[in-house]
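The values are calculated or read from the model by the stated rules, or taken from the named source; none is laboratory data. Quick caveat, the model's predicted, so the values are computed rather than measured. Please note: Cβ atoms are built from the backbone with ideal geometry, for glycine as well, and neighbour counts cover all protein chains shown.
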Amino acid sequence: MTDHDILQAFKEKVCREVEIEKQGLDRYIIYTPFAFDDGDHYVVLLKRENNKWVLTDEGHTLMHLSYSGIDLLAGQRGELVKGSLMASGLENRSGELILDVPDEQFGDALFSYLQVLNRVQSTALWTRERVSSTFREDFQALMRESVPGDKLEFDYADPIHDPGGTYAVDSRIVGAKGDWFVFAVANNDQCRNATITCYHFEKLKRPFFGAVVYENQESLASRALAQISDVVGKQFSSLGQRDRIKQFIAADVLGS
């Protein structure tokens, strides 16, 4: 197929605004009118790989959307994203979204590829209320991935001094050097509650190490952040730091 034939297939199946630019041997940048909510256009390339044509974003889509601090591959959002990829035959190769082009059906493949990118972006653009409702679920999913089940407990409360769970800890990890209390904080009220809970355990003279994972640290009041900083030793600005969080748990908490 010639460059012209490929372009015409794209225009016929997607839209007339599609253009391509050749970059080296068997490699093309595809320009489409489709863009993220902030105005940046999707990155899509066509290239030959292992004697077959593939469409790829070269890791741009998930990286671009991760700037919002939302982990698109965790919790309910992750299930939706993975379902969209599987249904359309896309492969997530360490963040790079790849689709084989079958039998030189370039137009159909690009149409399917762009549909999936639109679904992925729509998942990221859930209303803030819906995102907040999944933050705790996403936090717990990350904790389960990072900590053996026999060393992890959610909604932990002191069974002797607080059987009703007034000062519950979002997650307790039995670490190599003692208990770690890890709090999931999405708003100022939760930030203050976590601070009060830490002071409660200090008053009981119960030793622990404290850590916080924020939904979005920048959205919280400076006073609330200053207060919680007095009682916890480690803070993560969002779940977008999942790799750093997992590394911290493995090395500093579990000592593995």
For this session: Have a look at 194, 109 and point out the one that is among the hydrophobic types (A, V, I, L, M, F, W, C) and over 30 Å from residue 33 (Cα atoms).
Result: 194
Exercise. When only residues in the range 233-243 that are modelled with pLDDT under 95 and more than 14 Å from residue 175 (Cβ to Cβ) count, which is surrounded by the fewest Cβ atoms within 10 Å (Cβ to Cβ)?
Worked result: 243
Problem set entry | Filter result for residue 109 (in a helix (DSSP H, G or I), at pLDDT 90 or above and either surrounded by fewer than 16 Cβ atoms within 10 Å (Cβ to Cβ) or over 17 Å from the mean Cα position of the chain (by Cα) (or both)) | yes
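When you scan the range 22-30, do you find a residue that is under 21 Å from residue 102 (Cβ atoms) and of a type in the set (A, V, I, L, M, F, W, C), even just one?
Initially, the range 22-30 is screened for residues under 21 Å from residue 102 (Cβ atoms), giving 26-28, 30.
Narrowing further to those that are of a type in the set (A, V, I, L, M, F, W, C): 30.
Checking the range 22-30: at least one residue is under 21 Å from residue 102 (Cβ atoms) and of a type in the set (A, V, I, L, M, F, W, C).
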Problem set entry | Filtered residues of the range 171-204 (kept if within 24 Å of the chain's Cα centre (by Cα) and closer than 14 Å to residue 233 by Cα) | 180, 181, 182, 183, 194
